[in-house]
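Accompanying notes for the structure given below.
The values are calculated or read from the model by the stated rules, or taken from the named source; none is laboratory data. Bear in mind that the values here come from a model prediction, so they are computed numbers and not experimental data. All Cβ positions, glycine included, derive from the backbone under ideal geometry; neighbour counts span all protein chains shown.
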Amino acid sequence: MPALDTESWVTDGGLETDLIFNHGAELPEFAAFPLVEDDDGIALLEGYYAAYAAIAAAAGAGLLLETPTWRANPDWAAKVGYDAAALDRANRSAVDLVRRIVARAGSDRVLVSGCVGPRGDGYVAAGADPDEAADYHSTQVASLRAAGVDLVHVMTMTEPAEAVGVARAAHAEGLPVAVSFTVETDGRLPDGTSLHDAVAQVDAAAAPDWYGVNCAHPTHVALALDGGDWQQRLVFLRPNASTMSHEELDAMEELDAGDLSRLVSSAAGVRGQVPSMRVLGGCCGTDSRHVAALWGVGPAALL
């Protein structure tokens, strides 16, 4: 089992927003996984991930990199022209690419996490059935397992049911699994469930190994915390740079890179309340500069 409960880990930032707004990449349907099949795309991803390897080295922390596969499930893949065979190939290639990058990092603490995203919109709770979700996500999870990921991490869960399904799919493949929920500006999931209750519901049905919160500013995450023992199940923190709501961010045509000092101070406040949060990176609007600041690493480390 990866030592996420006892050691600290640098993970990456807002892959898609960074590539689109800071590097001019075109990602139809917000899908980054097709980049793994193109030489220019591979070079772009290698540069992206290398910055986080440098942060981990400077911080003296482990390196946990997520595969660029948040959109690599059947529904989203079909929208960008991928059939089942092509999607399996892309998921496996994504793992191979990240594995090569962590091998070059030269650290003795590296993990490749197979990133899974929601079947639908990452900000909208559309309703889900746990059994149907398990069946749906099992294809991608099987591809990630076959390619040799160390764990599966499903991010931006908007409701407990789909999270249960992904956890079941990972358990069926014998993989450790993390579930990260997103919260709105009031600290609740998009379907209105409290973070506390979401963790309890998923634990009762198909307990994952770890939980986290992503795609929300730390000031929003703080509203979800009540001081209960359940908080010690939270290990991953991948905050947004912006304090805007999901609805506002969806409507933005320019990147909101947020207030860096506020991001750092508010994330420190959340981690102070939840010291079990040992995997720290970013989500929408963040790049390597944000993650370096969260780790207290100077910009020289990125050069």
Report, by residue number, each residue of segment 1-17 that is of a type in the set (Phe, Trp, Tyr) and either more than 14 Å from the chain's Cα centre (by Cα) or assigned to a loop (DSSP other than H, G, I, E, B) (or both).
none
Look at segment 130-149 and say how many of its residues are surrounded by fewer than 19 Cβ atoms within 10 Å (Cβ to Cβ) and small (Gly, Ala, Ser).
4
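Just to be sure before I move on: is Ala85 surrounded by 14 or more Cβ atoms within 10 Å (Cβ to Cβ), hydrophobic (A, V, I, L, M, F, W, C), modelled with pLDDT of 95 or more and more than 17 Å from Tyr52 (Cα to Cα) in the structure I sent?
Values: surrounded by 14 or more Cβ atoms within 10 Å (Cβ to Cβ): no; hydrophobic (A, V, I, L, M, F, W, C): yes; modelled with pLDDT of 95 or more: yes; more than 17 Å from Tyr52 (Cα to Cα): yes.
No; evaluated as a whole, the condition is false for this residue.
Every residue, every condition in (1) at pLDDT 95 or above; (2) under 18 Å from Ala257 (Cβ atoms); (3) crowded, with 17+ Cβ neighbours inside 10 Å, yes or no:
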position: Ala3; (1), (2), (3): no, no, no
position: Glu7; (1), (2), (3): no, no, no
position: Leu15; (1), (2), (3): yes, yes, yes
position: Val36; (1), (2), (3): yes, no, yes
position: Glu46; (1), (2), (3): yes, no, no
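State yes or no: is Ile20 modelled with pLDDT of 95 or more, part of a helix (DSSP H, G or I) and surrounded by 24 or more Cβ atoms within 10 Å (Cβ to Cβ)?
Numbers: modelled with pLDDT of 95 or more: yes; part of a helix (DSSP H, G or I): yes; surrounded by 24 or more Cβ atoms within 10 Å (Cβ to Cβ): no.
For Ile20, the condition - modelled with pLDDT of 95 or more, part of a helix (DSSP H, G or I) and surrounded by 24 or more Cβ atoms within 10 Å (Cβ to Cβ) - is not met.
Can you find, within segment 246-291, the residue that is farthest from Glu7 (Cα to Cα) among those that are among the basic types (Lys, Arg) and part of a helix (DSSP H, G or I)?
Step one: filter segment 246-291 for residues among the basic types (Lys, Arg), giving 262, 271, 278, 289.
Those left that are additionally part of a helix (DSSP H, G or I): 262, 271, 289.
On the way: Arg262: 25, Arg271: 14, Arg289: 22 Å.
The residue in question is Arg262.
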Name the residue, out of Ala161, Ala205, Ala200, that is surrounded by fewer than 24 Cβ atoms within 10 Å (Cβ to Cβ), of a type outside the set (Phe, Trp, Tyr) and in contact (Cβ under 8 Å) with a residue 60 or more places away in the chain.
Ala205
Residue under question is Arg104, and the condition is that it be more than 19 Å from Gly282 (Cβ to Cβ), part of a helix (DSSP H, G or I) and modelled with pLDDT under 95; does it hold?
yes
Give the residues of segment 92-110 that are free of Cβ contacts under 8 Å to residues at least 60 places away in the same chain and in contact with a strand residue (DSSP E or B) (Cβ under 8 Å, 6 or more places away or on another chain), sorted by residue number.
Val95, Val98, Arg99, Ile101, Val102, Ala103, Ala105, Ser107, Val110
Can you pull out every residue in segment 50-82 that is in contact with a helix residue (DSSP H, G or I) (Cβ under 7 Å, 6 or more places away or on another chain), within 17 Å of Leu144 (Cβ to Cβ) and either basic (Lys, Arg) or crowded, with 20+ Cβ neighbours inside 10 Å (or both)?
Leu65, Thr67, Pro68, Thr69, Arg71, Ala72, Asn73, Trp76, Ala77, Tyr82
Using beta carbons and a limit of 9 Å, which pairs, at least six apart or on different chains, have the first residue in segment 261-282 and touching a residue at least 40 places away in the same chain (Cβ under 8 Å) and the second one acidic (Asp, Glu)?
Ser276/Asp5; Arg278/Asp5; Arg278/Glu7; Gly281/Asp12; Gly281/Glu66; Gly282/Asp12; Gly282/Asp18
Restricting attention to segment 168-185, which residues are farther than 20 Å from Ala3 by Cβ and not in a helix (DSSP H, G or I)?
Glu173, Phe181, Thr182, Val183, Glu184, Thr185
Look at segment 23-33 and say how many of its residues are surrounded by 22 or more Cβ atoms within 10 Å (Cβ to Cβ) and in a helix (DSSP H, G or I).
1
Of (1) farther than 20 Å from Thr286 by Cβ; (2) under 18 Å from the mean Cα position of the chain (by Cα), Thr139 satisfies all except one. Which?
(2)
Can you name the number of the only condition in (1) touching a strand residue (DSSP E or B) at 6+ places or on another chain (Cβ under 7 Å); (2) of a type in the set (D, E, K, R); (3) farther than 27 Å from Val179 by Cβ that Asp12 fails?
(3)
For segment 292-302, which positions are in contact (Cβ under 8 Å) with a residue 60 or more places away in the chain, crowded, with 18+ Cβ neighbours inside 10 Å and in a helix (DSSP H, G or I)?
Ala292
Failed condition for Arg238, given (1) farther than 21 Å from Ser8 by Cβ; (2) crowded, with 18+ Cβ neighbours inside 10 Å, with all others met?
(1)
